[in-house]
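Enquirer: Handing you a structure now.
The values are calculated or read from the model by the stated rules, or taken from the named source; none is laboratory data. Every value quoted in this text rests on a predicted model; they were computed, and no experiment measured them. All Cβ positions, even for glycine, are placed from backbone atoms using ideal geometry, and neighbour counts span all protein chains on display. Accessible surface is based on the protein model in full, side chains and every heavy atom, while ligands, DNA and RNA are left aside. Shrake-Rupley method; radii C 1.70, N 1.55, O 1.52, S 1.80 Å.
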Amino acid sequence: MASSGSMHLVCDACGRVLPADRSPGRCSCGGLPELVFALPESIDPAVYDRRRGGLDPLDRSGVWRYREFLPPLPPDQIVTRPEGNTNLYSAAALSTWTGCPHLLLKHEGENPTGSFKDRGMTVATSHARAVGARVVACASTGNTSASVAAYAAMAGLPAVVFLPEGKISAAKLGQAIAYGARIVQVRGDFDSAMRLVQEASQELGLYLLNSINPFRLAGQKTIVIELLHQLCWEPPDWIVLPGGNLGNTAAFGTAIVELEAAGLIRRRPRLAVIQAEGASPFYRAYRNGFASFSPEPAETVASAIRIGNPVSYDRARRSILETDGVVEIVTDDEILEAKARVDRSGIGCEPASAASVAGVRKLVRSGVIMPGQRVVALLTGHLLKDPDTVMAYHLGPEAEHRPMTNRPVTIEPTVAALRGVLSDVA
Ligand SMILES: Cc1ncc(COP(=O)(O)O)c(C=O)c1O
Ligand SMILES: N[C@@H](CCOP(=O)(O)O)C(=O)O
């Protein structure tokens with residue numbers, strides 16, 4: 001690989017050097033591969049302002065613009081749409097509902113395939129191409145498979161995606177089908193699909209594109225880098241994000257430490273990771289002081305974070321410790337109400353994303369987040385990712401007990417009939 005000389009992989013458990021010229025998998029000791037490359041000791045932030053307005057395809061990407069924090073890969077192998085450049089929003093109704101006046105929402109659903117996964121996928125797929133991978137693969141609750149399928153198609157690589165049968169949204173399945181991935185439905189949950197794909201990638205030589213792959217995490221660091229750039233390098237007090245397989249939690253901690261070391265920020269924002277109550281192994285470990293960790297069966301309406309054995313548990317624990325972070329849980333009802341409110345604000349998101357907004361509200365109510373603090377909550381996926389949940393919320397059997405519901409009406413094609421249903425507004 002032309003420009004990989006200054007990069008290598010080490011096991012984060014035993015320190016062994018691992019090969020960087022193939023799919024980065026677990027070390028034989030079970031540890032996870034960590035990327036090591038030269039990071040900037042200091043950097044003039046003006047370089048990023050200049051690149052933001054540039055025409056170079058790498059400068060236009062909200063990932064590759066920050067390439068000083070990415071592993072060196074041959075530019076001619078880079079697969080990019082481009083990604084990132086996602087907006088920060090405020091909404092008065094959400095500030096009121098959460099009790100957090102200084103709340104911003106960073107919408108990662110604005111990425112090319114509708115979720116944050118594209119930020120990691122551009123880096124990992126480029127590495128896969130640079131090392132001559134023949135087939136790429138992932139296990140997925142839906143978003144990773146959509147992103148893998150799209151980036152593999154752009155790279156001209158076959159993709160195999162392992163999905164828990166019947167457990168991902170039709171919209172996400174439709175994306176993977178449309179982009180041309182080979183779909184393998186596994187009888188079991190996401191965690192069993194994840195186990196299978198790790199075994200299969202070793203046995204069959206598939207290049208693994210899940211977040212166990214540190215090139216994925218390198219790309220996902222740019223969510224934090226870009227948001228701090230948008231805030232003129234003045235960190236918020238909190239960054240609040242949903243936690244599933246915990247790749248983002250891992251990547252965010254690394255990004256914060258690296259940005260501080262490079263002199264771009266002078267203090268660390270705290271991370272608050274929000275899990276669904278029914279899929280909360282990380283929360284349980286946090287509550288026992290990280291003394292032990294046990295995987296558990298997972299169930300939640302937020303299918304994207306229906307994960308009971310997160311691969312990046314150890315990395316994420318480090319991020320919480322390094323940022324004085326917290327982990328909290330929210331119920332499915334809280335997630336659904338938060339989603340309805342984010343949707344009604346005109347911003348919209350998928351259910352797992354709304355966990356972060358529900359989490360802000362809970363953390364304000366418990367006094368962990370102070371009302372005067374500046375908070376950025378991450379919206380991880382687009383509203384259109386999960387229309388089934390929208391329909392169930394607004395039209396399903398529970399609808400009449402839910403806040404913010406919106407039921408379509410059907411009328412005869414006459415103005416008189418219309419008057420009858422619009423009398424409160426027209
Ligand atoms: C929409 C969405 N939100 C949140 C998550 C959780 O992110 P992570 O696995 O990085 O914890 C996922 C997938 O895992 C996701 O697809
Ligand atoms: N929600 C994820 C689960 C897999 O996570 P990954 O970050 O390890 O790929 C998905 O969309 O599949």
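Enquirer: Would you mind classifying the stretch 21-174 by shape? Square roots of the alpha carbon gyration tensor eigenvalues, ordered a ≥ b ≥ c; an a/c under 1.5 is rounded, otherwise it is prolate if a/b is larger than b/c and oblate if not. Can you show the working numbers first?
Expert: Numbers: a/c = 1.69, a/b = 1.14, b/c = 1.48.
Because a/c hits 1.5 or more and a/b fails to exceed b/c, the stretch 21-174 counts as oblate.
Enquirer: Using the Cα gyration tensor of the stretch 26-111, with a ≥ b ≥ c the square roots of its eigenvalues, what is the shape: rounded (a/c below 1.5), prolate (a/b larger than b/c) or oblate (neither)? Each step should come with its number before you reach the end.
Expert: Numbers: a/c = 2.10, a/b = 1.40, b/c = 1.50.
Oblate shape, in that a/c is at least 1.5 and b/c is the bigger or equal ratio.
Enquirer: List, in order, the whole-Hz ³J(HN,Hα) value for each residue of the stretch 66-82 obtained from phi through the Karplus relation with A = 6.51, B = -1.76, C = 1.60 and θ = phi - 60°; use x for Gly and Pro.
Expert: 9, 5, 4, 9, 10, x, x, 10, x, x, 6, 9, 6, 9, 9, 8, x
Enquirer: Round to a whole number: what % of the accessible area of the stretch 1-110 belongs to carbon and sulfur, probe 1.4 Å?
Expert: Values: 2700 of 5230 Å².
Ligands and nucleic acids excluded, carbon and sulfur give 52 percent.
Enquirer: Any chance you could list the semi-axes, whole Å, largest first, of the equivalent ellipsoid that the Cα gyration tensor gives for the chain, using √(5λ)?
Expert: Details: eigenvalues 232, 125, 98 Å².
Taking √(5λ) for each Cα gyration eigenvalue gives 34, 25, 22 Å.
Enquirer: So how far apart, in nm, are the two label points at R287 and R50 if each is 7 Å from Cα heading toward Cβ?
Expert: 5.2
Enquirer: Computing the accessible area with a 1.4 Å probe over protein heavy atoms, can you report the carbon and sulfur percentage for the stretch 254-312?
Expert: On the way: 1060 of 2340 Å².
Ligands and nucleic acids excluded, carbon and sulfur reach 45 percent.
Enquirer: Using a simple spin-label model with points 7 Å from Cα along the Cα→Cβ vector, what separation in nm is obtained for Q202 and T410?
Expert: For the pair Q202/T410, the computed spacing is 5.6 nm.
Enquirer: Which of the peptides 276-289, 60-73, 21-34 is most tightly packed, and how do the rest follow, judged by the mean count of other Cβ atoms within 10 Å per residue?
Expert: Working: 276-289: 19.1, 60-73: 22.6, 21-34: 17.6.
Going by the mean number of other Cβ atoms within 10 Å, highest first, we get 60-73, 276-289, 21-34.
Enquirer: Considering only protein heavy atoms, what per residue accessible area in square angstrom results for the chain with a 1.4 angstrom probe? All intermediate terms of the calculation are to be shown ahead of the outcome.
Expert: Details: 17310 Å² over 426 residues.
Counting only protein heavy atoms, the per-residue value for the chain is 41 Å².
Enquirer: Please state the relative contact order of the chain as a whole percent: Cα pairs under 8 Å, 6+ residues apart? Don't skip to the answer; put the middle values down first.
Expert: Details: 897 pairs, mean separation 70.5, N = 426.
Answer for the chain is 17 percent.
Enquirer: Now a separate question. Mind scanning K117/K172; K106/K339; K117/K385; K106/K221; K339/K385 and naming the pairs with a C-alpha gap bigger than 20 Å? Intermediate results must be reported in sequence, preceding the final value.
Expert: On the way: K117/K172 13 Å; K106/K339 15 Å; K117/K385 13 Å; K106/K221 14 Å; K339/K385 13 Å.
Pairs exceeding the cut-off: none.
Enquirer: Also, I was wondering about something else. Work through the residues other than T125 whose Cβ is under 13 Å from its Cβ and net out their charges, Lys, Arg +1 and Asp, Glu -1. Intermediate values should be presented prior to the final figure.
Expert: Values: positive: R81, K117, R119, R129, R216; negative: E83, D118.
Overall, the nearby charge balance is +3.
Enquirer: Now for a separate question. Would you grab the residues whose amide H sits under 5 Å from the one on V326? Only those 5+ places off in sequence or on another chain, please, with H modelled 1.01 Å from N.
Expert: The list, which skips near neighbours in sequence, is L271, A272, V273.
Enquirer: While we're here: Taking 8 Å as the Cα distance limit and 6 or more residues as the minimum spacing, I'd like the relative contact order of the stretch 60-125 as a percentage. Numbers along the way, then the final one.
Expert: Values: 72 pairs, mean separation 22.1, N = 66.
Computed over the stretch 60-125, the figure is 33 percent.
Enquirer: What is the distance in Å between the Cα centroid of the stretch 373-393 and that of the stretch 190-215?
Expert: About 27 Å separates the Cα centre of the stretch 373-393 from the one of the stretch 190-215.
Enquirer: Answer rounded, prolate or oblate for the stretch 198-337, using the Cα gyration tensor with square roots of eigenvalues a ≥ b ≥ c: rounded when a/c is under 1.5, else prolate when a/b is larger than b/c, else oblate.
Expert: On the way: a/c = 1.78, a/b = 1.22, b/c = 1.45.
Oblate.
Enquirer: Still on this structure: Could you look at the stretch 315-426 and say what percent of its accessible area is carbon and sulfur, using a 1.4 Å probe and all protein chains? Mind showing how you got there, number by number?
Expert: Working: 3110 of 5690 Å².
Carbon and sulfur atoms account for 55 percent of the accessible area of the stretch 315-426.
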